[in-house]
Amino acid sequence: MADIGDRALQIASSKMGARWGRFYGDADGLALGVGTIYADVRYAMEAEEPGFFDAVEGLVYVLTHECDVDQDNARQFNDRVLICPIIPLEHYVEAFTAEHSPEEFFHFFNQIAGDLVFRVLFFPPIPGHLTYGGLIYLNAITNSPVSSFHDQEKKPVAALSEDAQRAVDWKLETHLLRPKSEALSRLH
């Protein structure tokens, strides 16, 4: 994995340019909310048997704005946090290369790192958490209870910089708000 991981990091740093070194900012003191990354968060993931789910824990990127999950705001519908699991690159490489060649991986990874795959975004390494970086797969957006963050007094392990947050926002907008390919019915 080290050879593949090192080569992937070279590709990603080349494609991301200046954004590579400005991806993460300071997480100290930030409230639970958009742009933060947490470790050991429990969420549901589809099990190997279709139609069933397992509870797993992992590294996640938070999508919900902090005011929408602030427990000091006495309002309804503020008990869930929208998250996107971060897939450690070494886990993805292991799964991908079990069925494909390393060269096929690099071809696809070049497209991901170049922002040509709208449903996936590469996150650079986070010391102690993402050795070779990770991927967020936007079709895997899920949620977790706010209590799972507060009960264990979790602190963010990282936070995006403003520049990186703009890149994620662009990716989300491009992926989720694209016009439908087929025409929808027009009702008059």
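The values are calculated or read from the model by the stated rules, or taken from the named source; none is laboratory data. Quantities reported herein were computed from a predicted structural model and do not represent experimental measurements. We place every Cβ from the backbone using ideal geometry, glycine too, and count neighbours over all the protein chains shown. Side chains are part of the model used for accessible areas, which takes the heavy atoms of the whole protein and leaves out ligands, DNA and RNA. Shrake-Rupley method; radii C 1.70, N 1.55, O 1.52, S 1.80 Å.
Summary of computed values
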quantity: Dipole magnitude of segment 80-143, debye to nearest 20 (Cβ charges: Lys/Arg +1, Asp/Glu -1, about Cα centre); calculated: 380
quantity: Whole-percent carbon and sulfur share, accessible surface of the chain, 1.4 Å; calculated: 50
quantity: Segment 1-29 and segment 81-106: distance between their alpha carbon centers, rounded to Å; calculated: 16
quantity: Equivalent ellipsoid, segment 1-101 (semi-axes from 5 times Cα gyration tensor eigenvalues, Å); calculated: 30, 23, 9
quantity: Sites Ser101 and Glu57 - FRET efficiency at Förster radius 22 Å, r taken between beta-carbons, to 0.05; calculated: 0.10
quantity: Cut-off of 10 Å, at most 14 other beta carbons, DSSP loop: longest stretch of the chain lacking such GluC sites (Glu not before Pro); calculated: 100-152
quantity: Environment charge at Met16 (Cβ cut-off 11 Å; Lys +1, Arg +1, Asp -1, Glu -1); calculated: +1
quantity: Under-5 Å amide H pairs with Asn143, H placed in peptide plane, nonlocal only; calculated: Ala44, Ile83
quantity: For segment 98-171, accessible area per residue (1.4 Å probe, heavy atoms of protein chains only), Å²; calculated: 49
quantity: Computed helical MRE - 222 nm, the chain, DSSP H runs ≥ 4 contributing -39500 (n - 2.57), nearest 500; calculated: -9000 deg cm²/dmol
quantity: Nonlocal amide H pairs with Ser161, under 5 Å, H built at 1.01 Å; calculated: Tyr24, Gly25
quantity: Size of charge dipole - segment 1-98 - debye, nearest 20, with Cβ of Lys, Arg +1 and Asp, Glu -1, no other charges; calculated: 520
quantity: Segment 37-79-segment 119-188 distance, computed between alpha-carbon centres (Å); calculated: 12
quantity: Local electrostatic count, Glu103, Cβ distance below 15 Å [Lys/Arg +1, Asp/Glu -1]; calculated: -2
quantity: Dipole in debye (nearest 20) - segment 49-183, about Cα centre, beta carbon charges: Lys, Arg +1; Asp, Glu -1; calculated: 300
quantity: Set of lysines with alpha-carbon distance to Lys180 below 23 Å, sequence-local pairs under 8 removed; calculated: Lys171
quantity: Spin-label model distance (nm) - Glu173 vs Tyr137, 7 Å beyond Cα toward Cβ; calculated: 2.7
quantity: Scattering curve values for segment 69-178, log₁₀ I(q)/I(0), Debye with Cα scatterers, q = 0.11, 0.14 Å⁻¹; calculated: -0.45, -0.70
quantity: Simple label model, 7 Å out from Cα along Cβ direction - Gln76 to Ser181, nm; calculated: 3.9
quantity: Exposed-site-free run, longest, the chain (rule: trypsin sites (Lys or Arg not before Pro); DSSP loop; at most 15 other C-beta within 10 Å); calculated: 1-74
quantity: ³J(HN,Hα), Karplus 6.51/-1.76/1.60, whole Hz, each residue of segment 69-83, x for Gly, Pro; calculated: 10, 5, 6, 7, 7, 7, 8, 6, 6, 10, 9, 10, 10, 7, 9
